[in-house]
Amino acid sequence: MSPCSSWTRTGPAGTTSAARHIINAKGKFYYFNRGRYVSGTWRKGKVAEPFEFTVAGGSPFKMAPGQTFVELPDTHAKIRIEA
């Protein structure tokens, strides 16, 4: 994981993200934990199928134990990560 002290996300004002946009889809993710981050790819199949998270090389990514919140920002959002 890479060091991270803060991150911000901005997107078009008033944008909404319908759940249908994540079914049978994939995109990039950033995982933040304890001042560090890692990025990879998320995939979501059918409604009843779980999300899959992979990192470089296609290895599965396992999140730290405990309660986890996942946000899928608009694909046009700009994310800035500062070390």
Selection from the range 32-67 of residues surrounded by fewer than 11 Cβ atoms within 10 Å (Cβ to Cβ), hydroxyl-bearing (S, T, Y) and part of a strand (DSSP E or B) yields none
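From the residues in the range 74-83 that are of a type in the set (A, V, I, L, M, F, W, C) and assigned to a strand (DSSP E or B), which one is farthest from the chain's Cα centre (by Cα)? Outline the logic, then answer.
Quick first cut of the range 74-83, residues of a type in the set (A, V, I, L, M, F, W, C) only: 77, 79, 81, 83.
Going one step further and asking which of them are assigned to a strand (DSSP E or B), we end up with 79, 81.
On the way: I79: 11, I81: 13 Å.
Only one residue fits best here, namely I81.
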Please tell me if E71 is at pLDDT 90 or above, of a type outside the set (S, T, N, Q) and either under 11 Å from the mean Cα position of the chain (by Cα) or surrounded by 10 or more Cβ atoms within 10 Å (Cβ to Cβ) (or both). no
Write out, first by first residue and then by second, each pair whose Cβ atoms fall under 7 Å of each other, whose residues are 6+ apart or on separate chains, and whose first residue, in the range 40-51, is within 16 Å of F29 (Cα to Cα) while the second is part of a loop (DSSP other than H, G, I, E, B) and of a type in the set (A, V, I, L, M, F, W, C). G40/V55; G40/F61; K44/I23
Residue match in the range 18-35 (condition: within 23 Å of Q67 (Cα to Cα) and modelled with pLDDT under 60): yes
Please work out which residue is modelled with the lowest pLDDT, limiting yourself to the range 36-68 and to residues that are under 11 Å from the mean Cα position of the chain (by Cα) and among the β-branched types (V, I, T). V38
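The values are calculated or read from the model by the stated rules, or taken from the named source; none is laboratory data. The shown structure was predicted, so the numbers you read here are calculated from the model rather than taken from an experiment. Virtual Cβ from ideal backbone geometry, glycine too; neighbours counted across all protein chains shown.
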